[in-house]
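The values are calculated or read from the model by the stated rules, or taken from the named source; none is laboratory data. Since the model is a prediction, treat every value here as computed from it, not as a measurement. Ideal geometry is used to build each Cβ from the backbone, glycine not excepted, and the neighbour counts take in all protein chains shown. With ligands, DNA and RNA removed, areas are computed over all heavy atoms of the protein, side chains included. Shrake-Rupley method; radii C 1.70, N 1.55, O 1.52, S 1.80 Å.
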Amino acid sequence: RGCSAQRRQHRRPGHALMGTMDLKTDANAVTINLLLIVRPEEAASKEKGQREGQTEGGRGAGLGGDGNGNSRSQPRQGTDLNGRRGPAEPCGQTPPITAGPDKGTQVTVEIHHEDTSPPLIKRLSLGKGSQRLRGHDNKGFQKTEAPRPPGAKDLHAYPWDKSSLKSMPVDLQQLEKLDAYALKVNVKNSVEELVKALLKQARTDLEKVRAIWMWICHHIEYDVVGYHNKSQLSSKPRDVLQMGKSICEGYAELFEHMCSLAGIQCKKLSGHAKGHGYKTGQTFTGDSDHAWNAVYLEGRWHLLDSTWGSGSVDDSFTKFTHRYNEFYFLTHPALFINNHFPDNSNWQLLKPTLTLKEFENNMLHNSNFYTLGLLAVHPDTPIIQTVNGKASVSVDCRPGTLFMFKLKGTDEHGLMTLKKHGMELDIYPQKTGSHKLEIFAKPSKAEASDDIYKCVVEYMVECESVDKAMRFPKDLHQPVGPSWFSKRHGFLRPSHREPVLHTNDGRCSLTFTLGKDISVLTSLHTDGSSLAEDMGRRHVLQIHRGNQVELKVHLPHAGNFVLKIYSKKKSDPGNYDYIFNYLIRCLNTEVKWPAFPQSYSKWLQDYEILEPLSGLLPANRNVQFKLKMHGIAKVLVQAENTYPLTQNKGFWEGTCNTSGCREVFVMVHENANHSFYSHVLKYEVETQ
């Protein structure tokens, strides 16, 4: 160790370089041969121009590079998961070349004994960039070529063509064995040994990159302490491996270093990211705030972000949770641009490229949006204005996705309907100003681990005026109205497909075809104390005819009501499950319908009341009865006196007088040989 070489530069017309060299050595000197290639000046300057676009950002030269071939004079800085730059990290690199008229150019060369380990990738400082030397080192790793800049064949069309989430075909099932192997590799003593261990099961370049990716995503955690105190932080691959944690810079440098050991061209990229702390509609200024990588596979560049692949931090940025995210491995560039904007626009790998302004204005779709099979949102701008107090949003997706939303943390001020290929939402903020709207989704046939709603998109809703008429009952449950979900639970061919029913006279009727073996329960709800739970059930009457059910609704007064519909299998002794609901609106203040009569357990589902439908009978009147019942021997109506009904073509008919009584019961005699009756219906009589 400890040999320096001084080169005094002379200029000769038509040649790029000529020089002499003085060597100083000590007692442990090692002999070296140095070959200088001299070429005509024109060719040399032409190649230098090409190279400056390709070479990495002066890392070997000790310049603060941005990872995109652009040197910066300021020291390198730590960056966070998606955020702000911190103080400078200690560089620990060789000093920059100093060159100029009469100055000469100083090159410091380190020479190691045979028993010491040279750096794995020797770098020769070349001014503005650095190039890797070809050949083999003494650890058997093949050196990789300097990364070439992206060209036409690397580019993908923008906007996304909705074909694949990845930029190349990846069979995840075929990689499962390799993934499992990579997770179990436990080498922490050196990056070289780690790469050797990982490559034992990897044959293709894709498999090599995959093994490195899986290992980093599952073994390096985000350093939330280091993020807040960057003076203690190193992003050197060796340090990141030993510490087992880093910020994005360290993830990206470790990934780049491991790929280069594996003979894969890889590049660390930096830029702006819409990650932790991002606010809808914010602008990006100043230095880049995030780092990620590009890898060269099968003749093309591809993008990945191992920081975001490894997990996420909490809102306070104090706790990191390992949660592997497949989405950020070889992400399609038209999706990657959604939250990654590289300093050098060539590394968008897009045609056409986006401007920073377009990136800022574009809707943020996080990885959940795409992994859940969502395709598009309307509008696709992050800030929306209400019109007359209303704003509308819709989502397109593959079938079978469930949604929910929160406007300022509650779902009270909206109407969401599920569609076969998505959902539609109308919101009516009840205060002016800016409101955060979050939309969540989950697959309807989720595994237990996936059975939670995940936020897929956020809007900022600007509300200038409030529509007070669009206040909804607290009992309204989202989504509203029938859908593929209610159909799956046996409610077919609804007579009313819209979520809201308007009635002027306070009455409405809905019909469905029911699937096999389905028992239905219904109830009516409104705000305030005007409708107790038992009475809420009695304002809806079920009428079954074959596999059809009709729901007759009589509202007790004007206002907004919720009709809730539950079901269970008849053969199932368990409870009823909530399925869906409607909003029923009536503005007519003269409406005042009494409840339907109360029914008992002996009133069978396929029995039917034709008259009287009102559960409140007039006093001192003859009231006509007509009921449809089967399998009955006798029917009596019990008031002050008892009145038998007679059977006529399947109907039981007759008259009863309501004088002198407060209640009227309908009773049935199921067997002519039995002496007892069962109550099936109860009516009340108006007080005089």
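Cross-link pairs exceeding 24 Å between alpha carbons, from the set LYS162/LYS184; LYS153/LYS274; LYS274/LYS351; LYS188/LYS236: LYS162/LYS184; LYS153/LYS274.
Per-residue extension of 0.36 nm, minus the Cα-Cα distance of SER571 and GLU298, leaves a gain of 92.4 nm for this segment.
For region 140-219, the fraction of alpha-carbon pairs lying more than 19 Å apart is 50 percent, rounded to a whole number. Partner lysines whose Cα lies under 22 Å from the Cα of LYS468, excluding those fewer than 8 positions away in the same chain, are identified as LYS390, LYS406, LYS408, LYS431, LYS436. Within the same chain, lysines fewer than 8 places from LYS569 are excluded, and of the rest, those with a Cα less than 26 Å from its Cα are LYS419, LYS420, LYS442, LYS445, LYS487, LYS516, LYS552, LYS602, LYS628. Between the beta carbons of LYS431 and LEU183, assuming R0 = 60 Å, the FRET efficiency works out to 0.75 to the nearest 0.05. Computed from backbone phi with θ = phi - 60° and the Karplus coefficients 6.51, -1.76 and 1.60, the 3J(HN,Hα) list for region 622-633 is 7, 10, 7, 10, 8, 10, 9, 9, 10, x, 10, 8 Hz; x is used for glycine and proline.
Taking label positions 7 Å along the Cα-Cβ direction at both SER530 and ASP467, the computed distance is 2.2 nm, reported to one decimal.
Using the Karplus relation 6.51 cos²θ - 1.76 cosθ + 1.60 with θ = phi - 60°, the per-residue 3J(HN,Hα) values for region 309-326 come to x, 8, x, 8, 9, 7, 4, 7, 6, 10, 9, 9, 10, 5, 8, 4, 10, 5 Hz, with x marking Gly and Pro.
Assuming charge only on the beta carbon of Lys and Arg (+1) and of Asp and Glu (-1), the dipole of region 539-688 about its Cα centre is about 280 debye to the nearest 20. Taking ARG300, ARG507 and ordering them by how much accessible surface each has at a 1.4 Å probe, largest first, produces ARG507, ARG300. Along the Cα-to-Cβ line of LYS351, 7 Å from the Cα, sits a label point; which residues in region 244-269 have backbone N less than 17 Å from it? Counting only backbone N, you get no residues.
Placing +1 on the Cβ of every Lys and Arg and -1 on the Cβ of every Asp and Glu, with no other charges, gives region 369-463 a dipole of roughly 80 debye about its Cα centre. Assuming charge only on the beta carbon of Lys and Arg (+1) and of Asp and Glu (-1), the dipole of region 172-356 about its Cα centre is about 280 debye to the nearest 20. Computed extension length for GLU360-ARG238: 40.3 nm, one decimal, from 0.36 nm per residue of separation with the Cα-Cα distance subtracted.
Please report how far the C-alpha centroid of region 551-627 lies from that of region 368-433, rounded to the nearest whole angstrom. Taking the Cα centre of each part, region 551-627 and region 368-433 sit 33 Å apart. On full extension, the segment bounded by THR371 and GLN624 gains 84.8 nm, given 0.36 nm per residue less the C-alpha separation. Here SER312 and ASN588 are evaluated by their C-beta separation; at R0 = 56 Å the FRET efficiency comes out at 0.60. Annotation: per residue accessible area for region 369-463 equals 44 Å², rounded to a whole number [probe 1.4 Å, protein chains only]. Surface exposure of region 160-258, expressed per residue as accessible area with a 1.4 Å probe, stands at 46 Å².
Relative contact order of region 598-685, taken over Cα pairs closer than 8 Å and 6 or more residues apart, is 33 percent. In this view, the solvent-accessible surface of HIS257, computed with a 1.4 Å probe and all protein chains in place, comes to about 40 Å².
Once a ≥ b ≥ c are taken as the square roots of the eigenvalues of the Cα gyration tensor of region 172-356, is the result rounded (a/c under 1.5), prolate (a/b larger than b/c) or oblate (a/b not larger than b/c)? Cα axes put region 172-356 in the oblate bin. If you plug the beta carbon distance of LYS420 and GLU550 into 1/(1 + (r/R0)^6) with R0 = 35 Å, you get a FRET efficiency near 0.85.
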